[in-house]
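A short write-up of the structure that comes next.
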Amino acid sequence: MQTECSAEPSVFGQVERRPVVAAFDGGALTSDAGGLLLGAADRSLKLVRRLAGCFRDARDPRLVEHSVATLVGQRVYGIALGYADLNDHDELRHDPLMAVLAGKLEARREDCAPVAGKSTLNRLELSREIATRYRKISHDPAAIEALFVDLFLEAHAGASTRARPPKQIVLDLDATDDPLHGHQEGRFFHGYYDCYCYLPLYVFCGRHLLAAKLRPSNIDASAGSVEEVARIVGQIRTRWPKTRILLRADSGFAREALMVWCEQNRIDFVFGLARNARLVAEIEAELAQAEAEASSTGKPARRYKDFRYATLDSWSRRRRVIGKAEWTKGEANPRFIVTSLKKAQTNGRLLYEKVYCARGDMENRIKECQGDLFADRTSTATLCANQLRLWLASFAYVLICAVRRVGLAHTQFAEATCGTIRLKLLKLAGLVRISARRIKFALASACPYADEWRLAAARLA
């Protein structure tokens, strides 16, 4: 039952003998007026329309109030603006900004709002690959996955049709935990993360998200990586056949199947390699040298050794391994990587410090997806529905990345997180005035980031 509140204004003391009062009677206002930038970015990418094209709608058109494009856009915009739950949309459906973003100011039926409420959106999220009598909206997972790569390829071209393909790109792979707090389909207890969780697989190229695959956690971190990489690489090479591709990941992906596939398909790789007694024995002399230097200088010391190595039974061939012999804080800290790159292409120190260690930035991208855009809000009952939630959150990330890449380049927000962009530029109060001639959002005159917002709006237009 909804709480009944007094309509009397709230009183907050006095200023210069005048009482300070507040009441919810401002009329057509929105607290998300900055979200107009999301609409501008979407018009450039056509993201919502293309994502809606990955769904099939078997509903009776005569009875449909909210199209699939409206539902998809509303969910993606809502996540980008900080609304994680479907329940939020029972109020958001009356928000004038959501109506403007949907391109629909009024509903056809008197008992409906311009955009959908939680129940209608829930039917979208529970859609399956094949429509049923009671689930008449279905989606095509392959088309959704391909759209991420298409958007990445188009982002490189930008506004210029003459942009040349890059000479080299680096694809980062990583698995992370997605904690579960219910009895969702596919839940398992993961010993490393010490919780029941999913184990999604992410693939990034810089800030660009290429894949977000939801998986149960009773598998190896690299499970399914060959299929995901093969799909992504095939799509990239269709457009960029001469671009060199480097695969980068931690030791959880240093598996024979993935390395063999890379070697057979002209893909370079650099993976972390879990240490063992044989590997540590290979760098004993370097560790002794590092210890001696650290003892004399009082500072951490490191040496590198480049050598050939093969496991006792799991690898089919010997491969190049770089060992980092480091002595720090009074103890040894050996680390190893395995790579397909030749010595003539790059030396061991440069490969480890400049190439491999840079993969740590991908963890910041995953934090943006999960911390800022609720990619870990997988609380529905089925794995299929939770995968769709993960994709919707991922497209919200892609949309904000477009605002950052195009609209905010060379500004103080050029490297800002999605959460910062939302807080500073999207969560703006606005008075909405709708007339026969135009729809005007009157934003706060004292907004401290008005210059950046105007610049982003102009660039995205």
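A quick yes/no check of all residues on (1) within 30 Å of Lys242 (Cβ to Cβ); (2) in contact with a helix residue (DSSP H, G or I) (Cβ under 9 Å, 6 or more places away or on another chain); (3) outside any helix (DSSP H, G or I):
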site: Leu147; (1), (2), (3): yes, yes, no
site: Asp150; (1), (2), (3): yes, yes, no
site: Pro166; (1), (2), (3): yes, yes, yes
site: Ile169; (1), (2), (3): yes, yes, yes
site: Glu185; (1), (2), (3): no, yes, yes
site: Cys197; (1), (2), (3): no, no, yes
site: Leu210; (1), (2), (3): yes, yes, yes
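Close Cβ contacts (under 8 Å, 6 or more residues apart or on different chains) running from residues in region 9-32 that are in contact (Cβ under 8 Å) with a residue 40 or more places away in the chain to residues that are hydrophobic (A, V, I, L, M, F, W, C) and assigned to a loop (DSSP other than H, G, I, E, B) comprise Leu29/Ala429; Thr30/Ala429; Ser31/Leu428; Ser31/Ala429; Asp32/Leu81; Asp32/Leu428. Might you let me know whether region 188-204 holds any residue that is touching a residue at least 12 places away in the same chain (Cβ under 8 Å), surrounded by 18 or more Cβ atoms within 10 Å (Cβ to Cβ) and farther than 19 Å from Asn386 by Cα? Among the residues of region 188-204, at least one is touching a residue at least 12 places away in the same chain (Cβ under 8 Å), surrounded by 18 or more Cβ atoms within 10 Å (Cβ to Cβ) and farther than 19 Å from Asn386 by Cα, which makes the answer yes.
Which condition does Asp95 not pass, out of (1) more than 30 Å from Ala131 (Cα to Cα); (2) surrounded by fewer than 17 Cβ atoms within 10 Å (Cβ to Cβ); (3) touching a Ser or Thr at 6+ places or on another chain (Cβ under 7 Å), if it passes all the others? If we test Asp95 against (1) more than 30 Å from Ala131 (Cα to Cα); (2) surrounded by fewer than 17 Cβ atoms within 10 Å (Cβ to Cβ); (3) touching a Ser or Thr at 6+ places or on another chain (Cβ under 7 Å), just (2) comes out false. Here Leu247 meets the list (1) over 18 Å from the mean Cα position of the chain (by Cα); (2) open to solvent by 20 Å² or more (accessible area, probe 1.4 Å) almost entirely, failing just condition (2). Pairs linking a residue in region 330-344 that is within 21 Å of Phe253 (Cα to Cα) and touching a residue at least 12 places away in the same chain (Cβ under 8 Å) to a residue that is among the aliphatic types (A, V, I, L, M) and open to solvent by 30 Å² or more (accessible area, probe 1.4 Å), with Cβ atoms under 8 Å and 6 or more positions apart or on different chains, are Pro334/Val280; Phe336/Ala274.
Looking only at residues that are open to solvent by less than 60 Å² (accessible area, probe 1.4 Å) and in contact with a strand residue (DSSP E or B) (Cβ under 6 Å, 6 or more places away or on another chain) in region 341-350, which one is modelled with the highest pLDDT? This residue is Leu341. Count of region 258-314 residues, restricted to those that are of a type in the set (Gly, Ala, Ser) and either open to solvent by 70 Å² or more (accessible area, probe 1.4 Å) or on the phi > 0 side of the Ramachandran plot (or both), is 4. Kindly indicate which of Val68, Val64, Val100, Val115 is β-branched (Val, Ile, Thr), touching a Lys or Arg at 6+ places or on another chain (Cβ under 7 Å) and open to solvent by less than 50 Å² (accessible area, probe 1.4 Å). Result: Val115 is the single residue among Val68, Val64, Val100, Val115 that is β-branched (Val, Ile, Thr), touching a Lys or Arg at 6+ places or on another chain (Cβ under 7 Å) and open to solvent by less than 50 Å² (accessible area, probe 1.4 Å). Give all pairs with beta carbons closer than 6 Å in which a residue from region 407-428 that is over 19 Å from Ala458 (Cα atoms) meets a residue that is open to solvent by 20 Å² or more (accessible area, probe 1.4 Å); count only pairs at least 6 apart in sequence or on separate chains. The qualifying pairs are Cys418/Asp372; Gly419/Asp372.
Condition test on Val149, is it open to solvent by less than 10 Å² (accessible area, probe 1.4 Å), out of contact with any Pro (no Cβ under 8 Å at 6 or more places or on another chain) and of a type in the set (Val, Ile, Thr)?
Working: open to solvent by less than 10 Å² (accessible area, probe 1.4 Å): yes; out of contact with any Pro (no Cβ under 8 Å at 6 or more places or on another chain): yes; of a type in the set (Val, Ile, Thr): yes.
Here the answer is yes, as Val149 does meet what is asked.
Scanning region 118-142 for residues that are among the small types (Gly, Ala, Ser), closer than 16 Å to Leu392 by Cα and surrounded by 14 or more Cβ atoms within 10 Å (Cβ to Cβ) turns up Ser127, Ser138.
Do we have any residue at all in region 221-228 that's open to solvent by 60 Å² or more (accessible area, probe 1.4 Å), touching a residue at least 24 places away in the same chain (Cβ under 8 Å) and within 24 Å of Glu256 (Cβ to Cβ)? Scanning region 221-228, I find no residue that is open to solvent by 60 Å² or more (accessible area, probe 1.4 Å), touching a residue at least 24 places away in the same chain (Cβ under 8 Å) and within 24 Å of Glu256 (Cβ to Cβ), so the answer is no. Take Arg50 and decide whether it is surrounded by fewer than 16 Cβ atoms within 10 Å (Cβ to Cβ), more than 17 Å from Ala33 (Cα to Cα) and in contact (Cβ under 8 Å) with a residue 24 or more places away in the chain. In short, no.
The values are calculated or read from the model by the stated rules, or taken from the named source; none is laboratory data. What you are looking at is a predicted structure, and each value in this text was computed from that prediction instead of being measured. Please note: Cβ atoms are built from the backbone with ideal geometry, for glycine as well, and neighbour counts cover all protein chains shown. Accessible surface is based on the protein model in full, side chains and every heavy atom, while ligands, DNA and RNA are left aside. Shrake-Rupley method; radii C 1.70, N 1.55, O 1.52, S 1.80 Å.
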